[in-house]
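Colleague: Mind having a look at this structure? Questions to follow.
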Amino acid sequence: MVNIGTGPLATSPPPGGAPPVLAAEGGTLGSIENWINSVFDPVSEALSAFVFAEISVFGIEFPWIVAWLVAAATIFSIYFGFIQFRGFKMALDLVRGKYSKPDDPGEISHFQALSSAVSGTVGLGNIAGVGVAVTIGGAGATFWMIVAGLLGMCTKFVECTLGVRYREMHEDGTVSGGPMHYLRNGMAERFGGGGKAVGRVLAVLAAVMILFFAISGGNMFQANQAFAQLRDVTGGSEGFLGGDGAALIFGVLLAVAVGAVIFGGIKSIGRVTSKLVPSMGIIYITACLIVIGVNISGVPAAVGAIVSGAFSPEGVVGGAIGALIVGFQRAAFSNEAGLGSAPIAHSAVKTRNPVTEGYVALLEPFIDTVVVCTMTALTIVIAKTQFWTDAQASVFAGGDVPDGVTVTSGSFETVLPWFPYVLTVAVALFALSTLITWAYYGQKAWTYLFGKSQVSERVYQFIFCLFIVAGSVLSLSSVLSFADAVLFLLALFNIIGLYLLAPVVKQELKSFREKISSGEVRKNEESNL
């Protein structure tokens, strides 16, 4: 998930990596930044207070939006008979192109759609957020994080099936989909005139929220954090990137790189992310496996600590309930299940059967939360650094929560002293992939609001690239905090729509199974990746 780390989400997950890059104090940029923050402060505080308002369960407080997301994931899992487990093999076959045909309508393959969506969710939170989760909730938070990730797979199944079912095919062969379309068209189809009116309002709100987050949280924050991490490993303010103009030059170069990809549309994005996402995963997971391999004798004890810690009444903030809540919160903030963003990328897939992409999409939380987040947590638990142990004791005693990236990085450094450089590469790749994916999400929201034409798309792409440059030199903390609240507010409207349209997904699932039984849909002998 794109983690801002400047507002309520700063508590979990916190900022990933280095602190935000601030404009020079007293200069023109500093004045602009202060003015923008002052304008957004009251709006940001009011919206964040609502979206991230906390409820109490057994004395443990957490944002109601987390309960909203996890409850939806649980209800959908039961309603669809835990399709995320029964359909896992089918999902893998679809990703490998076993049911694909060259003439299927759409723009990109199942694998490219999955990699495009994953590139928008796997990010700094997988490194920093997990570090905080296992510090506050102990090793047991990992168990509940996995449970929430597994449940969230079904939410992705529902929303991405709807994304393809109600997508719009344009004359030029491009595709538009996402909550803007299934909230409007789905509600109208199922509930008639009244549903059409409500759907239109929800669709516009969804588009506005996605567009705002795309330009700020999915753009400026990523550029800011990437430069901050790069600056830190090259000597900080005393290094060659410590000068006032370095951030601007970095921003321009990053904007050019992103622009070169996004100007080519989803086909170009799919080609890049299908290579970038596996590279990201290989680099990061390899580092995890090295640490785990060196400490292989400690794996059984670490797994035992994760399982027993999930039900332990002592040792972490809030006991067993605290571990559960922290784990669920980490998963909910990580994989975006229920937020409505991923269906935009998945809607561009080449398929004649919408539910096939629902199957593929359920792999996304598995990759992001069950695999990547769990690998991070397992690495921290196995390394069991003195810093992490002391941090847990401090938090349990009421002290401050440490920077999550320090917890994670310290665990890797027990085996890999040069890990900060690996982390820099990972952060750069995570930021680049997130920028590319959210550029596309924002473009679809833009064209929904302002019309689809080449001129309209180029205007948006130019604006997006300008904000990459701005994000490299300005932190705009209030704007980013507001953007975080806006994105999670989208989950409120999106999930209401998913509840109302769930029967449509069940019909699509039944239809696809009947086509397989009748032989209308057949499995290919060879992979079409």
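Colleague: Using only helices, what value at 222 nm comes out for the chain when you add -39,500 (n - 2.57) per DSSP H run of length 4 or more and divide by the total residues, to the nearest 500 deg cm²/dmol?
Modeller: Helices in the chain give a 222 nm mean residue ellipticity of -22500 deg cm²/dmol.
Colleague: OK, next. How many Å² of accessible area per residue for the chain, probe 1.4 Å?
Modeller: 37
Colleague: Excluding Ala188 itself, what net charge comes from residues whose Cβ is under 14 Å from its Cβ, given Lys and Arg +1 and Asp and Glu -1?
Modeller: +3
Colleague: Here are several values of Cα extents along the principal axes in Å: (i) 100, 61, 57; (ii) 60, 55, 45; (iii) 103, 52, 46. Which one was derived from the coordinates shown?
Modeller: (ii)
Colleague: At 20 angstrom or more along the helix axis (alpha-carbon based) and mean Kyte-Doolittle of 1.0 or higher, what helices does the chain contain? Whole DSSP H runs only.
Modeller: TM-like helix candidates: 64-79, 140-165, 187-215, 246-262, 265-294, 419-450, 454-473.
Colleague: Using a 10 Å cut-off on Cβ atoms, rank the peptides 205-213, 161-169, 279-287, 337-345 from the highest mean neighbour count down.
Modeller: The densest-packed peptide leads the list: 337-345, 161-169, 205-213, 279-287.
Colleague: What dipole magnitude, in Debye to the nearest 20, does the chain give about its Cα centre under +1 on Lys/Arg Cβ and -1 on Asp/Glu Cβ?
Modeller: Using only the charged Cβ atoms, the result is roughly 1840 debye.
Colleague: Round to a whole number: what % of the accessible area of the chain belongs to carbon and sulfur, probe 1.4 Å?
Modeller: Here it works out to 65 percent.
Colleague: Excluding Leu363 itself, what net charge comes from residues whose Cβ is under 12 Å from its Cβ, given Lys and Arg +1 and Asp and Glu -1?
Modeller: Once all neighbours under 12 Å are counted, the net charge is -1.
Colleague: Here's a follow-up. Would you mind computing, in nm to one decimal, how far apart the modelled labels at Glu61 and Asp103 are, each placed 7 Å from Cα along Cα→Cβ?
Modeller: Once both label points are built, they end up 6.2 nm from each other.
Colleague: Quick one: if you stick a label point 7 Å off each Cα along the C-beta vector at Phe450 and Met169, how many nm between them?
Modeller: Result: 2.9 nm between the two label points.
Colleague: Lys and Arg at +1, Asp and Glu at -1: add these up for the other residues within a Cβ distance under 10 Å of Ser481 and post the number.
Modeller: Taking every Cβ under 10 Å from that of Ser481, the sum is -3.
Colleague: Also, quick follow-up: Quick one: Karplus J couplings for the range 336-353, per residue in order, coefficients 6.51, -1.76, 1.60, θ = phi - 60°, nearest Hz, x for Gly and Pro?
Modeller: 6, 5, x, 7, x, 7, 4, x, 5, 6, 5, 5, 7, 5, 7, 6, 9, 10
The values are calculated or read from the model by the stated rules, or taken from the named source; none is laboratory data. This is a predicted model, so every value here is computed, not measured. So basically every Cβ, Gly included, is an ideal-geometry build from the backbone, and we count neighbours across all protein chains shown. What goes into the accessible areas is simple: the full protein's heavy atoms, side chains included, and nothing from ligands, DNA or RNA. Shrake-Rupley method; radii C 1.70, N 1.55, O 1.52, S 1.80 Å.
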